[in-house]
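Everything on this sheet refers to the single structure shown next.
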Amino acid sequence: MPEQNAKRNLVPVLRAPFLRQASLPQNRPRPGTPFSAALTTSKEKHFTKMKRKNFTLMKTITILMILLFCVLSCKRIVQPPATNKATITIKTDIPSKTYNPMIFGGFLEHFGRQIYGGVFEPGSSLSNEQGFRMDVIEAMKELNLSVVRWPGGCFASGYHWKDGVGKLRKPVDDPVWGVTDPNTFGTDEFVQWCRLVGCEPYICTNAGNGTALEMQEWVEYCNAEKGKYAELRKSNGNTDPFNVRIWSIGNENWGAHEIGAKTPETWGPFVNRCAELMLDADPDLILAAAATSDTSWTLPLLRFAGKRLDYIAIHGYWLPLWSKNEIPDYLSCIMQSERPEETIEEVVKIITEAGYQGKIKIAFDEWNLRGWHHPGFPRKEAIEPSDTQALELINKREINSIAKQYTMADALFSASFLNASLRHSEDVVMTNIAPIVNTRGPLYVHPAGIVKRTTFHTLAMYANELEERVGYTQVTADKLTNNKDSVDIIDVIATVDKKGKNWAISLINRHPSENLACTVKLGDKPLNGKYKATILTGDSPDSFNDIEHPNRVAPKELELWFKKGIAILPPHSLIIVHVRGENK
C-alpha cells in the first residue's frame, strides 16, 4: 500500500508547475498608452495567447501520460501475487513421439437428443435436404473431429442394423432406454454424416442379443463389392462400398446392466469367433473388443482373441451420476484429473502381461468427467406405454441439459484427460468423448441453434493448435488439495513439429482462485520474452455457457510474457503457448 500511494501522489506534484505558470499575469494596454506602444502590447498579447495554447496542449498531453502511467502501475500493483509455483523442463534431448489424431474423437448414441434433435432433425430450417443439422456439422468441423463411434453404448446391445436400412423401415421399441426409435437414422445416414463432417466412422456391433453372423453381414453391407448384402446396399442408393475400417465387438459386456452380459470365461471365445467371421468378410478391418482395467476380464479376453484384435475398448466416467444427479463443486471435480492416467497405466500393464504391448492398443472409446444421468435404466426389455413410473424416469434425463453443470472444471478435466492420452500415445490411439452432442457433450443443440460448452473449446484448441509430435516433460509443482485428495497444481503437455523446431505447450493452472508462477525451460534454456498464446478461462471457476450467454467462456488470443523463464498463469485456466523456432 505505501508503494501504491506513492504512485498516486505523483499526479499533484507534477501538476503544480503547470498550474503556477498558467496563472502568470497577462500584459494589457492601459488608457493613454501611445499607438505604437499599444501595437507592441497587441503583438505581445497575440504571442502570449499562442504560447498559452501550445502550453495548454502540452500540459494536457503530459497529464494524460502521467495518469496512464499511474493506472498501469496500479494495475500491476494490485495483481494478486503468485504464491504457487511450478517448473516445467522440456527434455529436448529425448526423442519426441507420434500420436494418432483419433485421440480427438467423439461418440454418438441413440439416447436423448443426441441423434434425433441433435445431429439429425428433418424439417428444421437449420437442416439440409437429408435432415442433417448443418450448424452441428460446421461445429464438428471446427473440432477437426477425426473419428466417431456409433450406435452405442448400451443401445448397441439391443440394436439390429437391418432395422435401420432400406426404404421400408419401421419404428422399434428400444429395450435399453425405454423409448421408440424411428430408425430413420441408420447405417447409411451415419456414414453419410461422417463424410460430411470429414471423420472416420467407427461401428460398435451388437454382442448382447446379436450374433457373430449378424456382425459379419453388417461388415458385408458396408464394405463388400458383391454379394447379398452388397446388393442390398446398392439397392438403397449406395453403389460404392462405405469402407468402414474400424469396428468394435460389443459394449460393456462385462456389466450386469448390459443385455447379453458375458462372463470372463465366455467372452474371449465369443469375441474370437466374431472376429473370425468379420475378418472373413473383410480382412483389412481394425477390430476392438469391450474390455476393462480389470485383469480378471481383460487378460482372458486377450489370451483367447488377442491374435485377431487391434484395440481393446475401455470406458471411463469419473463422477458416477447415473441414478442420483449432483453438481459437485470445482475442486471435487478437478480432483479427478489424474485418475484417467491411472486407468491407462493399469490397462497397459494387462496388455504387457498378455504379451501384446506394441501390438494391441487402447481405444478409450467412451470418456467424460460426468456420467450420464438415466435413473432406472438401462433395462433389458421394452417398457409398456402405460408404465408412468418409467416415463417419469425417462423425463428426468433432461437434467443432463442443465447448462450450469458444465464449467471450467469440465474444460480443465478434459484437457488433463487428453494430456494423459498424449503422454501414452504409444499405447492410446483413440479416445471418444461421450457423447459429442447433447446429454453431457461439448456441443448443446437446441431447435434454434447451438451452444459451445466449455469443453468444446478445450477440444477445439487441442485438435487445432497442437503440433504433430509429443515431447518429454519433467514437472515439479506444488499440490492442490481438497480435504484428503490432492493433484498437481499444474498439468502440461509439450508438442513439437516434425523438424523439432516449433513447439505448442499446453499449460493448465488448476487452482480455482490463485495465479501460478510457472517456469518453462526448453532444454536448459528458460523461455524469455513474449509468445503468441491462446487462453481459455472464465470470470470464475464455475463459469459456463448457455443459450442466453453462449460466449461467457471462449478462447482468446494473447501474448504470454516470460521473464527469465517465468510466466504468470491465471487461475482455472488453460493456455496453449506457441514457441517458434526463431523465438526460443
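The values are calculated or read from the model by the stated rules, or taken from the named source; none is laboratory data. Computed from a predicted structure; not experimentally measured. Positions of Cβ are backbone-derived with ideal geometry, glycine not excepted, and every protein chain shown enters the neighbour counts.
Per-residue answers, yes or no, for (1) touching a helix residue (DSSP H, G or I) at 6+ places or on another chain (Cβ under 9 Å); (2) over 16 Å from Thr89 (Cβ atoms):
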{"site": "Thr476", "(1), (2)": "no, no"}
{"site": "Lys484", "(1), (2)": "no, yes"}
{"site": "Ala494", "(1), (2)": "no, no"}
{"site": "Lys498", "(1), (2)": "no, yes"}
{"site": "Gly529", "(1), (2)": "yes, yes"}
{"site": "Ile535", "(1), (2)": "no, yes"}
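Please tell me if Ser337 is of a type in the set (Gly, Ala, Ser), within 27 Å of Val487 (Cα to Cα), touching a helix residue (DSSP H, G or I) at 6+ places or on another chain (Cβ under 9 Å) and in a loop (DSSP other than H, G, I, E, B). Yes: the conditions hold for Ser337.
So in region 321-336, with the set limited to residues that are among the hydroxyl-bearing types (Ser, Thr, Tyr) and surrounded by fewer than 19 Cβ atoms within 10 Å (Cβ to Cβ), which one is nearest to Gly152 (Cα to Cα)? Within region 321-336, the match that is nearest to Gly152 (Cα to Cα) is Ser323. Between Ile547, Ile575, Ile493, the distinction of being among the aliphatic types (A, V, I, L, M) and either surrounded by fewer than 19 Cβ atoms within 10 Å (Cβ to Cβ) or free of Cβ contacts under 8 Å to residues at least 40 places away in the same chain (or both) belongs to Ile547 only. Residues that are in a loop (DSSP other than H, G, I, E, B), at positive phi and assigned by TED's automatic domain parsing to the domain that holds Asp174 do not occur anywhere in region 99-111.
The set of residues in region 121-163 being within 26 Å of the chain's Cα centre (by Cα) and hydroxyl-bearing (Ser, Thr, Tyr) consists of Ser127, Ser146. Of the residues Ser337, Ser332, Ser323, Ser416, the single one that is touching a Pro at 6+ places or on another chain (Cβ under 6 Å), modelled with pLDDT of 95 or more and assigned by TED's automatic domain parsing to the domain that holds Gly158 is Ser323.
Residue-by-condition table, conditions (1) more than 23 Å from Ala313 (Cβ to Cβ); (2) touching a strand residue (DSSP E or B) at 6+ places or on another chain (Cβ under 9 Å):
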position	(1), (2)
Val428	no, yes
Asn432	no, yes
Gly441	no, yes
His446	yes, no
Arg453	yes, yes
Ala460	yes, yes
Asn464	yes, no
Glu467	yes, yes
Gly471	yes, yes
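Checking each residue in region 112-132 for being under 13 Å from Phe185 (Cα atoms) and not hydroxyl-bearing (Ser, Thr, Tyr) picks out Arg113, Gln114, Ile115, Gly117, Gly118, Val119, Phe120, Glu121, Pro122, Gln130, Gly131, Phe132. Restricting the first member to region 510-538 and to residues that are closer than 22 Å to Leu466 by Cβ, and the second to residues that are at pLDDT below 95 and part of a strand (DSSP E or B), the beta-carbon pairs closer than 8 Å and six or more apart or on different chains are Leu516/Asn84. So Pro175 passes all but one of these: (1) assigned to a loop (DSSP other than H, G, I, E, B); (2) closer than 16 Å to Met278 by Cβ. Which condition number does it fail? Of the numbered conditions (1) assigned to a loop (DSSP other than H, G, I, E, B); (2) closer than 16 Å to Met278 by Cβ, the odd one out for Pro175 is (2).
Please indicate, with yes or no, whether at least one residue in region 124-132 is crowded, with 23+ Cβ neighbours inside 10 Å, closer than 24 Å to Val445 by Cβ, at pLDDT 95 or above and in the same structural domain as Ala434 (by TED's automatic domain parsing). The answer is no, given that none of the residues of region 124-132 is crowded, with 23+ Cβ neighbours inside 10 Å, closer than 24 Å to Val445 by Cβ, at pLDDT 95 or above and in the same structural domain as Ala434 (by TED's automatic domain parsing). The sole residue among Thr295, Thr263 that is surrounded by fewer than 18 Cβ atoms within 10 Å (Cβ to Cβ), over 25 Å from Glu109 (Cα atoms) and among the hydroxyl-bearing types (Ser, Thr, Tyr) is Thr295.
Somewhere in region 456-468, is a residue part of a strand (DSSP E or B), surrounded by fewer than 19 Cβ atoms within 10 Å (Cβ to Cβ) and modelled with pLDDT of 95 or more? Checking region 456-468: not a single residue is part of a strand (DSSP E or B), surrounded by fewer than 19 Cβ atoms within 10 Å (Cβ to Cβ) and modelled with pLDDT of 95 or more.
With the condition kept exactly as written, say whether any residue in region 147-158 is surrounded by fewer than 23 Cβ atoms within 10 Å (Cβ to Cβ) and in contact (Cβ under 8 Å) with a residue 60 or more places away in the chain. There is no residue in region 147-158 that is surrounded by fewer than 23 Cβ atoms within 10 Å (Cβ to Cβ) and in contact (Cβ under 8 Å) with a residue 60 or more places away in the chain.
Trp150 - would you say it is aromatic (Phe, Trp, Tyr), in the same structural domain as Gly208 (by TED's automatic domain parsing) and more than 19 Å from Gly198 (Cα to Cα)? Considered against the rule, which asks whether it is aromatic (Phe, Trp, Tyr), in the same structural domain as Gly208 (by TED's automatic domain parsing) and more than 19 Å from Gly198 (Cα to Cα), Trp150 comes out as no. When Ala390, Ala363 are screened for being aliphatic (A, V, I, L, M), outside any helix (DSSP H, G or I) and in contact (Cβ under 8 Å) with a residue 40 or more places away in the chain, only Ala363 passes. Filtering region 215-226 to residues that are of a type outside the set (Phe, Trp, Tyr) and more than 13 Å from Phe270 (Cα to Cα) leaves Gln216, Glu217, Val219, Glu220, Cys222, Asn223, Ala224, Glu225, Lys226. The residue pairs whose first member lies in region 400-422 and is surrounded by fewer than 24 Cβ atoms within 10 Å (Cβ to Cβ), whose second member is assigned to a helix (DSSP H, G or I) and acidic (Asp, Glu), and whose beta carbons are closer than 6 Å, counting only pairs six or more residues apart or on different chains, are Ala420/Glu341.
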